[in-house]
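Data first, discussion second: the structure below is written as structure tokens.
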Amino acid sequence: MNGPTGPRPTGASPADSPWVLRDYALIADGERGALIGPRGEIAWLCAPVWHSGAVFSGLLGGPGRYRISPADPWNVWGGYYEDGTLIRVSRWVTADGIVSCRQALAVPADPGRVVLLRQVRAVRGAAHTDVALDVRGGFGRHPMSDLHRDGDLWRARSGPLRVRFTGAGDARPGRDGALRTHLHLPEGGTHDLVLEIAEAPRDTPLDARALWDATERWWRAAVPGCADTAAPRDTRMAYAVLNGLTSAGGGMVAAATTSLPERADTGRDYDYRYAWVRDQCYAGIAVAAHGPHPLLESAVRFVSERVLEDGTGLRPAYTVSGAPLPPERALPLVGYPGGGDRTGNRAGHQFQLDVFGEALRLFAAAARHDGLDARAAKAARLAAEAVAERWTEPDAGLWELDSRWWTHSRLCCVVGLRDAARTVRSSASAGWDRLADRILDTTRARCLRPGGYWRRAADDPNCEAALLLPLARGAVPRADPSLARTRAEVVRGLTDDGYVYRFRHGKEPLGDAEGAFLLCGFMMALAAHAEGLDTEAVRWFERTRSACGPAGLFAEEYDVAQRQLRGNLPQAFVHALLLECSARFGGSPAAR
């Protein structure tokens, strides 16, 4: 039996139970990411790539572990990121001293090989730490086999994966197949452990110092200083997260995890280890608001290739390599408490009109930075043709619901067409403004309420927060009263304690059906800024920016009453909109 009512996984104990989501930290290298819990456990890591089976799946109640923690259970945990990186330092204060563990996924990354670096340090007093390693590939189906030691190097297999582990020459296998050892370090001492999990046998030396040096250099080059933004440190963190979620091929996953519940026992548990075209556009547009950066180039490359391949049949989401999403299927895991356990995502087969509008805006943003090559310009023409052909069709929309005539989708196309008409020079672009006018006129006739605010859909008189983004980006002139009236309607009906919700679920009170949607909080800030209400914009920005865990990571939703994160972690598009707000409010040259 699967899901929250299923059996406890073999070997699990209360000590292995998961933490609330705010307590996890992320390390990532673009090809995959790992969540680290307060006990020093790697609670989640898929290998060799994002959508592969997990080798450590404790987050969902599965087997597989890699834990480094103080031997003394009487400790208080904490930690921090080295500024502008996803190098995470876990830290424990024990009865006798302070112990830390510095950890990262080595970069630059190889899609066929993950290298996990961990360095234990006795910060104050001697350090006594326990180490346990048990690689279980395929969501726990493949225990370690052929385990043997060659000097200080352990080798093993986990199904088709090859494992090498250094720094634990004194380890011993237990009855459960896990390697265990104890480290004793004098005050000031350090000890390195390097874990490699690869698709094929490797003989490259696992030189900890060289791997750390390369990783540090990579992060220094990847994240800009951001002194010209409204929140420099958090903006650098957003850059680090987006870099960590973006593969060398350009695809950026929506989040590092699957099946983390938006609300307990509601069935809203999804696999986000794939690249959503819309999210990729949000990230590229956000970066362009700050200035040219390789993340903008990655977004343009990935999105343009998908448009060129699929044209009017563009899918909303792909794997990071550009392949179609696999169908949904259940996993034999107990799942995160209150959630389920699944892989795949049915959204990969929907028609979502707004992605064409967002793609056009991405291409326009790249053109402003002289970053639009011939293939991307051709993709822009195809995206505009797709809008012309399909804008009258019902679509699943931003929230991937039933196909309807969603207002948000049409307004996004209006913004994208107008933006591209100003920047993407071609024989076809001359007609894009006229097409935008036609779409706006029809949408206004069908979707503008007599009260002057935009309704969700042609057949739904209610408002929704997603409308704020295309309005903030110029779907209508800033003096058009529908911008202020729509924002006022969202404030009146979809906000609580400074946080913004997507829409109402029937007559349920806000917060009962789902958490506040952090993406929408940043949309509200951008809409207020577009109205010229700078102080109000900053208030919405700061309130939404507060809804993260100690590690500074944002999930999709925020439970206002319980002050907890909900949904998959970390959510790329939330970090992207934080970056965009910070760039625009800070007055960076590109934003101006």
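The values are calculated or read from the model by the stated rules, or taken from the named source; none is laboratory data. Fair warning: this is a prediction, and the values are worked out from it, not measured in the lab. Quick reminder, even Gly has a Cβ in these numbers, built from the backbone with ideal geometry, and neighbours come from all protein chains shown.
When Gly340 is tested against the conditions (1) under 16 Å from Val303 (Cβ atoms); (2) buried (at least 24 other Cβ atoms within 10 Å of the Cβ), the lone failure is (1).
Quick one: in region 213-257, of everything that is in a helix (DSSP H, G or I) and of a type in the set (Asp, Glu), which residue is nearest to Val277 (Cα to Cα)? It would help to see each step written out before you state the result.
First pass over region 213-257, keeping only residues in a helix (DSSP H, G or I): 213-222, 232-244.
Retained after the next criterion (residues that are of a type in the set (Asp, Glu)): 213, 216, 234.
Values: Asp213: 34, Glu216: 30, Asp234: 24 Å.
Taking the candidates together, the pick is Asp234.
Scanning region 153-196 for residues that are assigned to a strand (DSSP E or B), touching a residue at least 24 places away in the same chain (Cβ under 8 Å) and of a type in the set (Gly, Ala, Ser) returns a single hit, Ser158.
Taking only pairs six or more apart or across chains, which ones have beta-carbon atoms under 7 Å, a first residue in region 432-445 that is in the same structural domain as Trp405 (by TED's automatic domain parsing), and a second residue that is surrounded by 15 or more Cβ atoms within 10 Å (Cβ to Cβ) and of a type in the set (D, E, K, R)? Short answer, once both residue conditions are applied: Asp433/Arg418; Ala436/Arg418; Ile439/Arg410; Thr443/Arg410. Of the helices (runs of 4 or more DSSP H) lying entirely inside region 454-550, the ones with 2 or more residues being of a type in the set (D, E, K, R) are found at 481-493, 534-545. Annotation note: Cβ proximity below 8 Å between a residue of region 455-466 that is without any contact (Cβ under 8 Å) to a residue 40 or more places away in the chain and a residue that is buried (at least 20 other Cβ atoms within 10 Å of the Cβ) (sequence gap 6+ or interchain) occurs for Pro461/Arg455. Is there a residue being touching a Gly at 6+ places or on another chain (Cβ under 9 Å) and farther than 16 Å from Ala380 by Cβ anywhere in region 285-292? Within region 285-292, one or more residues are touching a Gly at 6+ places or on another chain (Cβ under 9 Å) and farther than 16 Å from Ala380 by Cβ. Look at Gly78 and say whether it is in a loop (DSSP other than H, G, I, E, B) and either hydrophobic (A, V, I, L, M, F, W, C) or outside the structural domain of Val253 (by TED's automatic domain parsing) (or both). Spelling it out, it is not the case that Gly78 is in a loop (DSSP other than H, G, I, E, B) and either hydrophobic (A, V, I, L, M, F, W, C) or outside the structural domain of Val253 (by TED's automatic domain parsing) (or both).
For the condition outside any loop (DSSP other than H, G, I, E, B), under 24 Å from Met523 (Cα atoms) and in the same structural domain as Glu305 (by TED's automatic domain parsing), what is the one hit in Ala376, Ala359, Ala380? Let's see the steps before the verdict.
Working: Ala376 fails: under 24 Å from Met523 (Cα atoms); Ala380 fails: under 24 Å from Met523 (Cα atoms).
Sole residue among the options that is outside any loop (DSSP other than H, G, I, E, B), under 24 Å from Met523 (Cα atoms) and in the same structural domain as Glu305 (by TED's automatic domain parsing): Ala359.
Just one of (1) closer than 22 Å to Arg278 by Cβ; (2) among the charged types (D, E, K, R); (3) in contact with a helix residue (DSSP H, G or I) (Cβ under 7 Å, 6 or more places away or on another chain) fails for Asp433. It is (1).
If you scan region 36-74, which residues turn out to be in a strand (DSSP E or B) and either free of Cβ contacts under 8 Å to residues at least 40 places away in the same chain or in the same structural domain as Val253 (by TED's automatic domain parsing) (or both)? Outline the logic, then answer.
Narrowing region 36-74 to residues in a strand (DSSP E or B): 36, 41-46, 54-56, 65-70.
Passing the criteria: Glu41, Ala43.
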